Each structure stands twice: as structure tokens, then as C-alpha cells.
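What follows is calculated from the coordinates using simple rules that are stated; it is not laboratory data. Being a predicted model, the structure only gives us computed values, none of them experimental. Heads up, the Cβs are rebuilt from the backbone with ideal geometry, glycines too, and the neighbour counts pull from every protein chain shown.
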Amino acid sequence: MSLETLAPWLVLLAYAVVTWFITPKKVSSPQFFNGASDSGHAPGIILVALSAAITWVFAKSIANAADLAYAFGLAGSIGYTIYYLSFGVAGLAIYWLRTRGGYISLTHFLVDKYGALCARIFLLTIAFRLFNEVWSNTKVMALYFGAEGSGSYWLAAFAITAFTVSYAWSGGMRASLLTDRLQTILALVLLGVVLAVLLPNLSMKGIPSTPPAIHQAGLTFCLLALVQVLSYPFHDPVMTDRGFLNKPRDMLKSFVLAGIISGGFIFLFSFVGLYARAEGLTGSPSVAVPAAFGLVMMLVFNGIMLLSGGSTIDSTFTSVAKLAAKDWRNETDEGSYSQLQTGRNAILAIAILGNLPLLTIYLGDKVGPAVIAATTISGTMVMGLAPIFLLSWIRPAGRLSFHLAFWPGLGIGILRTIETFAKVEVFPKALMLGSGKYALDLGVNVWGLIFCTAGYLVGAALAARMAPRAVPAG
């Protein structure tokens, strides 16, 4: 076995040894679900911030940041970074729910405001999101060990999944928080190494310019990100679960800090794409750039992907455990032994089911990738969540408002997915806003969000009209 082949496995082994050493081997139910310390204290501001930050610097997002910077230049870098304003949107919304309503989870709020059925519809949506997080991050990490479908690829996918299950199963949220802290620090160090290598040459050449048409297309993507950030964070329980771990004011500070850390990381990593564009490299920048520098740089990139992908997968497992054991039944206690067992069983189930889409590569060169891509819930499909959470202060809004906002958004997203992959025209070009690849997406999202918000308000108005009026005394 050559050094180039063996080296990634040595990195994985080192990562596994260090991670296993810092994870708790036995925890109570409150620790498993809420991340409490051995003494029962809630996790601190910095710990929650570092955990939330690294869980949003997942392997696929890193690759996307580099790809968008390569495609659109600096506008692509800024556009993808805009998505990290999600921490501010979610942080403020959760702070309001906790301080004004006393809610201890999004499910608790949804059941109280919109009813149990609406809450379960929402939970099914985020369960699908969690399902996709497993295979997508496993795939990105496994590709650093071998070509897709090769023996080394499958062995890496199995090893990464099995190891992550082992410590998530035993430690839950507490293990996730502790490993996230280490993973964030190491990922920042490795990012510093990458930038130290790339920036001198990039500074001599300057930020690569883009033709006006490509620049305008990049600005269109920036606007799309600004629109989607109003709804996108609410369908990611990996983020929102961390909004209920410590005191509301501490949580808000954690989320602001997490947004700065993760958004800064993504923006700086996008310089990999800018470097590839300046040097005229071909292929995915996150693969082409380290390949241009040799084995050491490949190992650094491999380490970043392992740290970011591993943190997202263990957080995904933890969120699945909470969803199955507590959220589905809207149980608001700290956790019981039976809930702990249910949560651990759910981790084992999602570890298997969540990786099944990797097998679609055997459906053919076109069918497999299309099936995987079509399963990803986009920001378009969840646009209806924006009014459901951000306008929840409107008192008459209830079940009808939820349905009139949620289902149109989901329907629009499904139609847009069909249009993209079936190559059939569903939405007229007249809806386009801006220019370039994302012009139709921007138009669909802007008009769709307006439509969903209008539906929410109509539902509130109808509920107010149908509400029984108080009869004056006397």
C-alpha cells in the first residue's frame, strides 16, 4: 500500500483516537438530550457557540463554498456566507419563543400554537432533512479515501459511520458538544494552514475578476440567499436544538458568536475556489487545489472534511434521537431511561437508513446522481416556515394559517425540483428576477414567500372572523 493510499487512513485513525478519548462513556438522560455537565449545569456560551458553529460547517457546505467562489468569484463567496445569517434569524426567533412563551422546544411551541398534527408535519419535514444529512456528509468524506463505488470508498463510509454511532450512542448531546469543541479548534487550525499556503500567491495575482454577466449572476445568488435565510434555519434541528440548551440570553450570545465563527470559516474557505479560478484549475476546487500541492495538502483537506463532516453526522444522530424519543410525543421532561433507549435505537436506525442513498450509484450514470440530488430539501421547499415562526406573534393565527403557509411552499419547492431534474418548464420565465443560473430560483422564492405569507395572514383573518365573540354582561 502506497503512502498516498495509507495516509488518509492514518488521519482517520488519529481523529478516532482523539475523539474517543474526550467523549463520555456513560451519561444520564438529561446529559444525553440536553448536554448537561456531570454536575447538572447547562452548557456554557462558548461551548454552545463552538458546537453550533462547526455543525454548520459541514463537509458539503465547505465544498459548496469553494464551488460557488469558483463559479461567481467574490460574489459567490459572499452569497454562500449570507446563509450564516441564519444564526441571527433563528436566535432571535427562539429567544422570543422562550422569553415570551416559555417554550422549551420548537415542538412544544408548534403543538401549543398550531396543534399536534401541524407539529408532526413539521417533524416529518425535518426528519427528511436529517436523513439527507447522513448520506451527503458520509459521501463527501468517503470520497477522500477512494473513487465512488470502490472498495476503499465503501470501507471508509462504513468506518466513519460506525465510529460516529459508537460515541453518539453512548454520549448523545453531551458527547456531541465536547467533540464539536475540539473539532472546531482543529478545523480552524487546519484552515489557517490552507490560507497560509494559498494567500501569498493569491495576493500577488489579486482576487480574480469575473465578466459582468457572471458577476450579476453571483449577485442574484446573494439575493436568493437573503430571501431563503428567513426560512432555512427552522428546518435544521441540528441548529435549533442548540437554541434550548442554556439560558435564553446566553443562547442568543452563543448564536451570534456561532454565526461569526461559521460564517467567517466559510468565507475564508471559499478562497480555495478563488485560488482555483485564479490559477485556471479544473474540476471541483476542494479536490483540485490540494491535488495541485501534493500529499501534505491533501491530508490537511482530508482532516478538515473529517472534522466538519463528523461533527455534522454526530449532531444529526443526536437530533434524530431527540426527535424520536421526545419531540414526536411532545414530552417536555428532562428525559427518562425509556426515552434514552428509544433515542439510541433511533441512532442505529438512521445510521443504516440514512446511508441507503449511497447505493443509488448502481442505478446508472444519470439515474443515481439525479435520485440523490432530488431528495435534498431545498430552501425553496420550506419557504412557508418563515411566516409560521416569524409571524407567530399574530394571535388569531392557528392551524389554518399553518396549512395555508406550509403546503403552498412545499408544493412550489416540489414543482421547482421536478422542473430542474425533469427538464420541463413549470414556472414561466416572467417570474425571473435578476440574471443567470439562479434568476428563476430567486423569482420563485420571492413570489412564493409573498404567497405563503399572504396565506398565513388570510388564515389568521378567517380565524379571527370565526372566533366566538364575548357577550357583554348584563
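With the Cα gyration tensor of segment 14-112 giving a ≥ b ≥ c as the square roots of its eigenvalues, does the rule (a/c under 1.5 for rounded; else a/b larger than b/c for prolate; else oblate) give rounded, prolate or oblate?
In terms of gyration-tensor shape, oblate.
About the Cα centre, and with charges only on the beta carbon of Lys, Arg (+1) and Asp, Glu (-1), how big is the dipole of segment 89-206? Nearest 20 debye, please.
320
Distance between Cα centroids, segment 152-230 to segment 2-73: provide it in whole Å.
Segment 152-230 and segment 2-73 have Cα centres spaced 11 Å from each other.
Lys pairs in the chain, Cα-Cα under 17 Å, at least 8 apart or on separate chains: how many?
Number of lysine pairs found: 4.
Size of the dipole of the chain about the Cα centre, Lys and Arg at +1 and Asp and Glu at -1 on the beta carbon, nothing else charged, in debye to 20?
1060
Around Ala463, what is the net charge, scoring Lys/Arg as +1 and Asp/Glu as -1 over all other residues with Cβ under 11 Å from its Cβ?
Neighbour charge sum, excluding Ala463 itself: +3.
Just to be sure I understand the rule: take each whole DSSP H helix in the chain, project its Cα atoms onto its long axis, keep it if the span is 30 Å or more and its mean Kyte-Doolittle hydropathy is at least -0.5. Which ones pass?
The answer, listed by residue number, is 116-142, 151-205, 248-269, 295-325, 399-422, 439-466.
Nearest 500 deg cm²/dmol is fine: what mean residue ellipticity at 222 nm does the chain get from its DSSP H runs of n ≥ 4 alone, each adding -39,500 (n - 2.57), divided by its residue count?
Value at 222 nm, helices only, nearest 500: -24500 deg cm²/dmol.
Can you sort Met298, Met141, Met466 by how many other beta carbons sit within 10 Å, fewest first?
Ascending number of Cβ neighbours within 10 Å: Met466, Met298, Met141.
Rounded, prolate or oblate: which fits the chain, taking a ≥ b ≥ c as square roots of the Cα gyration tensor eigenvalues, rounded meaning a/c under 1.5, else prolate when a/b beats b/c?
oblate
Which Cα, out of Gly443, Gly384, Tyr456, lies furthest along the positive dipole direction of segment 378-466 (beta carbon charges, K/R +1, D/E -1)?
Of Gly443, Gly384, Tyr456, it is Tyr456.
Which residue, Ser338, Val296, Tyr153, has the largest displacement toward the positive end of the dipole of the chain when charges sit on each Cβ (Lys, Arg +1; Asp, Glu -1)?
Toward the positive end, the furthest listed residue is Ser338.
Mind sorting Cys118, Cys452 by how few other Cβ atoms lie within 10 Å of their own Cβ, fewest first?
Working: Cys118 19, Cys452 26.
Listing Cys118, Cys452 from fewest to most nearby Cβ atoms yields Cys118, Cys452.
Positive end of the dipole of segment 3-359, charges at C-beta (+1 Lys, Arg; -1 Asp, Glu), about the Cα centre: which of Tyr144, Ala69, Leu353 has its Cα farthest in that direction?
Of the options given, the answer is Leu353.
Segment 25-121: which trypsin sites (Lys or Arg not before Pro) are DSSP loop and have at most 12 other beta-carbon atoms within 10 angstrom? Present the calculation step by step, with values, prior to reporting the outcome.
Working: sites: Lys25, Lys26, Lys60, Arg98, Arg100, Lys113, Arg120; in loops: Lys25, Lys26.
Answer by residue number: Lys25, Lys26.
If you take the square roots of the eigenvalues of the alpha-carbon gyration tensor of segment 161-309 and sort them as a ≥ b ≥ c, do you get rounded (a/c under 1.5), prolate (a/b over b/c) or oblate?
oblate
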